[in-house]
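Peer 1: Got a structure for you, written out below as C-alpha cells; questions coming shortly.
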C-alpha cells in the first residue's frame, strides 16, 4: 500500500462527498490507495453518505467513534490502522488534486520519508489565499536537520 488518506469527519454531510470525489479521481491504482474516514460521532447524515460511497469503493474504511473525541484523536486512530507507506491528512471539507500523486512519486524515486505541498485556501465565496508552510523551491530536498532550521 502506497498512500493512506486519513479523513476525520464531524457533521460533514455538506462536504464529505466532494472530499471523497477529489481523492478517487486521482490517477492512482486502487491497490496503491486506502481511504480511512473516521467519524467523530456525527449527528447528521455523514455516516450514511460515506457508507453509500463505500459500497463502490473496497479501499474505503469507515470507522465510527463512540463519542466525540475531536479531530486529533480521530486522526491518531486512522494512523494506527493505516497500511500506507505515506499518510495524507485531509479534513472533510478539503479537496486534494493530482499534485499529491507527483509528490508521492517524487518521494518514491528519491527514497524520501516525507514531502510537503503547497495549499490554497478557498473560502465560501470562492476567494483564494495561499498557505505556504515552508519557503522552498519545488523538488528541493532537505535532510531532517535542514528542515528543522528552515
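Peer 1: Based on the inverse mean of 1/r over its pairs of different Cα atoms, what is the Kirkwood hydrodynamic radius of the chain, in Å? Working shown, then result.
Peer 2: On the way: mean 1/r = 0.0607 Å⁻¹.
Roughly 16.5 Å, rounded to one decimal.
Peer 1: Working from Cα positions, state the angle (0 to 90°, nearest 10) between the long axis of helix 70-81 and the longest principal axis of the chain.
Peer 2: Between helix and principal axis, roughly 80 degrees.
Peer 1: Mean 1/r over all different Cα pairs, inverted: what Kirkwood radius does region 44-96 give, in Å?
Peer 2: Working: mean 1/r = 0.0790 Å⁻¹.
Final number for the Kirkwood radius of region 44-96 is 12.7 Å.
Peer 1: Per 0.36 nm of contour for each residue apart, how much would the distance between residue 97 and residue 149 grow if the chain were fully extended, relative to their Cα-Cα spacing?
Peer 2: Numbers: separation 52, 0.36 × 52 = 18.72 nm, distance 2.87 nm.
The residue 97-residue 149 span can extend by a further 15.8 nm.
Peer 1: How much FRET efficiency would the formula 1/(1 + (r/R0)^6) give for residue 114 and residue 41, where r is the Cβ-Cβ distance and R0 is 35 Å, rounded to 0.05?
Peer 2: That gives a FRET efficiency of 0.70.
Peer 1: Compute the relative contact order of region 1-133 as a whole-number percentage, counting only Cα pairs closer than 8 Å that sit 6 or more residues apart in sequence. Mind dumping the intermediate values first?
Peer 2: Working: 222 pairs, mean separation 42.4, N = 133.
After rounding, I find 32 percent.
Peer 1: Still on this structure, I have one more. Please label the shape of region 65-123 as rounded, prolate or oblate, based on the square roots a ≥ b ≥ c of the eigenvalues of the alpha-carbon gyration tensor (a/c under 1.5 means rounded; beyond that, a/b larger than b/c means prolate, else oblate).
Peer 2: On the way: a/c = 3.11, a/b = 1.40, b/c = 2.22.
Cα axes put region 65-123 in the oblate bin.
Peer 1: Also, quick follow-up: Order 6-17, 26-37, 80-91, 103-114 from most to least packed using the mean count of other Cβ atoms within 10 Å.
Peer 2: The peptides rank, most packed first, as 6-17, 26-37, 80-91, 103-114.
Peer 1: What is the angle, in °, between the Cα long axis of helix 99-109 and the longest principal axis of the Cα atoms in the chain? Nearest 10 is fine, range 0 to 90.
Peer 2: Result, in degrees: 50.
Here, each number is a calculation from the coordinates, and none is a lab measurement. Treat the numbers as computed from the prediction; the structure is a model and nothing was measured. Backbone-built Cβ (ideal geometry, glycine too); neighbour counts: all protein chains shown.
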